[in-house]
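Encoded as structure tokens, the structure appears first; notes follow it.
The values are calculated or read from the model by the stated rules, or taken from the named source; none is laboratory data. Just so we're clear, the structure is a prediction, and the values are computed from it rather than from any experiment. Because the Cβ atoms are built from the backbone with ideal geometry, glycine has one as well, and the counts that use them run over all protein chains shown.
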Amino acid sequence: MSGWNYSIFWKEAKNQFKTELNEQEFTMWFNMEYHSSSESSIILSVPSSFYRDQIKQRYQSKIENKLQELSGQPLNIEFIVKPRVKEEMQDQERAGDSETPYAAAPVLAENRITYPARQAIREKTTEKQNHPMLRADYTFNHFVVGENSSFAYNAAMAISKNPGISYNPCLIYGGVGLGKTHLIQAVGNYIHAVSDKKIIYTTAENFTNEFIQALQDKTTKDFKNKYRSADILLIDDIHFLQKKVETQEELFHTFNALYDANKQMIFTCDRPLSEIKNMSERLCSRFERGLNVDLQPPSYETRCAILNKKAEHKSVSIPQEVIELIALNIASNVRDLEACLTKLIAYSELVNKSVTLDVARQQLRDTFNSPKDISISIEMIQKVVSNYFNISYQDMKGKKRTRAIAFPRQIAMYIAREITEYSTTELGMEFGGRDHTTVMHACQKIDERLKSDSTLEPMLRTLIHKIKEYEK
Ligand code: ADP
Ligand code: MG
């Protein structure tokens, strides 16, 4: 045995995953045990090679990121296979939910993997993995349809069954947290499960960054080939393309190539096209060509239904009165509904109390009293901070690392970490696709500076105040 022992980091990482993942997913996949440590790795024992391969694919990078976050140094994970008595895994058997057979984790029943999925689909796609660009839980099955979303849902479903034929292109628009990304990815997951079509999902921001990189590296040919070889192209958040003249031009040509070849395209946008400014007319006319559907905020009843479904997926029972309390208080954003539920579940697990109406009132008081806080977007923070320091919003998210820009960026990251619920990974993405360690580093820097620079704290307070006022 070596002298290294990182078991404590593993233990804490596992605890954190327990609160972050739904219970079924956690029980299914975190069936790993600490085995030993070496200088820069933790060795875990897993019950089968099937398990090991699945874990590697699904969780290895997430686990390693978390371990780095906890220990402050890079730690790899390695596996040894140690079959446990009576726990045979049937390697061939795969599972999922009835709509998208590879979307959900298999269900463990009496130590066997069982699957309720349809035979035909199962046989056709026995070896299929989750699509690397799509979130496995963004499926039609996990989406609650209300009167606010039935048009968009039905359109997405129809497209999934007949891609490239009936509604091409399709534009789904609606406010933040209303399920645009979930729906567009559900189409991807569905088609991925039943066919071998080449599906590309990306955000408009990522598309832009990739294009800029390709220009720099003189690899635009590869870039064009990549996007023009898609059978299904899903581009999220096209409002980001406003003012990005060259990227719009590029997308216009990609669009034409795919459209002529009857390849399906779906786009999402946070507002109707008529409210989009600084977008070339000919590109807008392309988006308008197919079907435009909107997602509205859910009604009270639908909000209750969504909360019930989320609770069910997390395998926790929440009293109806608590569901109603949340649904009454959070009206405009499904992500926020979910955040309330997650908070209550975490609380009840940590203090080992069941979720009663009193507990919910007390735990969610701040959230309900300052509904603005929970809806603060990273973009708002970035804009207010850029403004304050007189730098451009583009630079805030861009690559430049001069002090005049890096410092405001660190401040914005720090504030975002303080006043929003976003994880460091999500924040990194929003700050020009940076790694989560960059965000952690920024927060550390500001924390350190707070100790020595007495002007910093009042400045942060002023900025936070401005951000909170921003929306009013
Ligand atoms: P948007 O892209 O419109 O900002 P997302 O698709 O990211 O919103 O949705 C935010 C969160 O809310 C996600 O976790 C998503 O699964 C969930 N969500 C949104 N609408 C629904 C719905 N109708 N049923 C179930 N979950 C939903
Ligand atoms: Mg989205």
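A few points about this structure:
- Filter pass, ALA327 being in a helix (DSSP H, G or I) and within 16 Å of ligand 1 (Cβ to nearest atom): yes
- Test: residue in the stretch 395-416 that is within 29 Å of VAL322 (Cα to Cα) and not assigned by TED's automatic domain parsing to the domain that holds ALA346: yes
- Single residue of the stretch 275-314 satisfying the filter (small (Gly, Ala, Ser) and within 16 Å of ligand 1 (Cβ to nearest atom)) that is surrounded by the fewest Cβ atoms within 10 Å (Cβ to Cβ): SER299
To keep it simple, each residue is scored yes or no on (1) within 16 Å of ligand 2 (Cβ to nearest atom); (2) at pLDDT below 95; (3) among the hydrophobic types (A, V, I, L, M, F, W, C).
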| position | (1), (2), (3) |
| --- | --- |
| HIS142 | yes, yes, no |
| GLU147 | no, yes, no |
| ALA156 | yes, no, yes |
| GLY164 | no, yes, no |
| GLY175 | yes, yes, no |
| VAL187 | yes, no, yes |
| ILE199 | no, no, yes |
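- Per-region count, the stretch 183-214, residues hydrophobic (A, V, I, L, M, F, W, C) and within 15 Å of ligand 1 (Cβ to nearest atom): 5
- Checked against (1) within 24 Å of the chain's Cα centre (by Cα); (2) over 25 Å from HIS436 (Cα atoms); (3) at pLDDT 85 or above, ASN76 passes all but condition (2).
- Test: SER317 is away from ligand 2 (no atom under 16 Å from the Cβ), modelled with pLDDT under 90, out of contact with any Leu (no Cβ under 9 Å at 6 or more places or on another chain) and of a type in the set (Gly, Ala, Ser): yes
- Every listed requirement among (1) at pLDDT below 90; (2) farther than 30 Å from ALA406 by Cα is met by VAL334 save one, (1).
- Positions within the stretch 138-182 being touching a His at 6+ places or on another chain (Cβ under 9 Å) and near ligand 1 (Cβ under 7 Å from one of its atoms), in sequence order: TYR138, HIS142, PHE143, HIS182
- Selection of the stretch 2-32 for residues being touching a Lys or Arg at 6+ places or on another chain (Cβ under 7 Å), part of a helix (DSSP H, G or I) and crowded, with 17+ Cβ neighbours inside 10 Å yields ALA13, PHE26, TRP29.
- Failed item in (1) within 16 Å of ligand 2 (Cβ to nearest atom); (2) assigned by TED's automatic domain parsing to the domain that holds ILE238; (3) of a type outside the set (D, E, K, R), with PRO169 passing the rest: (1)
- Selection from the stretch 245-297 of residues that are within 16 Å of ligand 2 (Cβ to nearest atom), modelled with pLDDT under 95 and polar (S, T, N, Q): GLN296
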